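One structure is given here, and the rest of the page talks about it.
The values are calculated or read from the model by the stated rules, or taken from the named source; none is laboratory data. Keep in mind the model is a prediction, meaning the values are calculated, not measured. Cβ: placed from backbone, ideal geometry, glycine included. Neighbour counts: every protein chain shown.
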Amino acid sequence: MKCPFCNNLDSKVVDSRPDKGGSAIRRRRECEQCGKRFTTFERIEEMLPQVCKKDGRREPFDRLKIINGILKACEKRPIAKTDIELLVDRLETRLQESSEREISTTMIGEWLMKELHDMDEVAYVRFASVYRSFRDINEFMSELQDLLKK
């Protein structure tokens with residue numbers, strides 16, 4: 001593993017443990033040249049489906065893109081980043097278990113909205129407002145009224 005401080009390629013593992021979600025291994029390493037320590041994460045490379053965008057383009061599933069979208073919706077809300085990461089872990093597991101080769105952004109967005117609705121209603125509304133691209137205030141108000149009825 002390349003040292004981020006001196007770029008040396010030799011390091012030794014001084015500690016290994018599962019991360020909080022159990023989906024990766026956290027390793028503390030020590031550079032054999034400069035002696036500085038750094039952390040790496042090891043996770044299984046999973047086969048995830050291609051994502052079909054609304055305009056027909058296809059691209060690889062991007063975990064960080066999903067996390068960043070949810071983080072924006074959860075900004076200034078009492079939701080821990082670890083909870084968001086666990087949410088995305090559940091999404092990835094669901095996609096792997098589906099064994100589909102392609103999945104639409106619509107399916108991903110609907111599933112995420114359901115999960116966010118259960119976590120935090122404000123985050124849900126924020127995510128839905130971007131995801132559903134409401135054409136006017138009436139569509140937005142209709143969504144809010146449906147939320148209040150539940």
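Can you name every residue in the range 32-64 that is within 16 Å of L112 (Cβ to Cβ), touching a strand residue (DSSP E or B) at 6+ places or on another chain (Cβ under 9 Å) and free of Cβ contacts under 8 Å to residues at least 24 places away in the same chain? The answer is D62, and nothing else. For the range 41-65, give me each residue that is exposed (fewer than 15 other Cβ atoms within 10 Å of the Cβ), not charged (D, E, K, R) and not in a helix (DSSP H, G or I). Result: F41, I44, M47, Q50, G56, P60. Mind checking which residues of the range 13-38 are loosely packed, with under 10 Cβ neighbours inside 10 Å and either of a type in the set (V, I, T) or in a loop (DSSP other than H, G, I, E, B) (or both)? Correct list: G22 only. Checked against the criterion of being in the same structural domain as T82 (by TED's automatic domain parsing), closer than 30 Å to E100 by Cα and of a type outside the set (D, E, K, R), the candidates P60, P18 yield just one match: P60. Has the range 113-128 got any residue that is of a type in the set (D, E), assigned to a loop (DSSP other than H, G, I, E, B), surrounded by fewer than 15 Cβ atoms within 10 Å (Cβ to Cβ) and at negative phi? Looking through the range 113-128, none of the residues is of a type in the set (D, E), assigned to a loop (DSSP other than H, G, I, E, B), surrounded by fewer than 15 Cβ atoms within 10 Å (Cβ to Cβ) and at negative phi.
Inclusion of E100 among residues that are in contact with a Pro (Cβ under 7 Å, 6 or more places away or on another chain) and either hydrophobic (A, V, I, L, M, F, W, C) or not in a helix (DSSP H, G or I) (or both) is warranted.
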